[in-house]
Amino acid sequence: ELEFSILDPVPLRGHCLSGRLYCTPKALWKLSWFLRDFGYDSDLLVRDEIDEKALIGLQGVVKISHVMINGRSLLNFDAFAPATAWEKAS
């Protein structure tokens with residue numbers, strides 16, 4: 001489970017988003033994509049190691065959507081990008 005603190009756009013600063021990245025063998029590509037784009041230590045990534053302390057403070061851009069499953073609205077992480085992608089877009 002992940003919690004993202006919104007830094008930009010400024011009107012949403014301080015709000016948080018919570019969601020899940022599944023770590024099943026079939027979904028590990030999405031976790032790897034997230035870690036790479038958010039600046040996770042590349043040496044740890046190459047060795048397939050996750051250091052919880054190294055996850056704190058990572059920054060990047062996430063594209064979200066909401067999906068309804070069994071009557072519940074869930075947050076879906078659709079895409080990730082490095083923080084520099086937000087600077088270019090804004």
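Full-extension gain between ARG72 and SER18, please, as 0.36 nm times their residue separation minus the C-alpha to C-alpha distance.
On the way: separation 54, 0.36 × 54 = 19.44 nm, distance 1.47 nm.
Gain on extension, ARG72 to SER18, equals 18.0 nm.
Between VAL46, PHE77, LEU2, the Cα set farthest toward the positive side of the dipole of the chain (charges on each charged residue's Cβ, about the Cα centre) is that of PHE77.
Using only side-chain charges placed at the Cβ, +1 for Lys and Arg and -1 for Asp and Glu, the dipole size of segment 4-79 relative to its Cα centre rounds to 380 debye.
Each residue of segment 68-80 is assigned a 3J(HN,Hα), and the resulting list reads 9, 10, 6, x, 10, 8, 10, 7, 10, 8, 8, 7, 10 Hz, derived from the Karplus form 6.51 cos²θ - 1.76 cosθ + 1.60 (θ = phi - 60°), x at Gly and Pro.
In the context of the full set of protein chains, residues of the chain present 76 Å² of accessible surface per residue (probe radius 1.4 Å, heavy atoms only).
The values are calculated or read from the model by the stated rules, or taken from the named source; none is laboratory data. Computed from a prediction, not measured in an experiment: that's the story for all the values here. As a convention, Cβ positions derive from the backbone with ideal geometry for all residues, glycine included, and neighbour counts pool all protein chains shown. Protein only, heavy atoms only, side chains kept; ligands, DNA and RNA dropped before computing areas. Shrake-Rupley method; radii C 1.70, N 1.55, O 1.52, S 1.80 Å.
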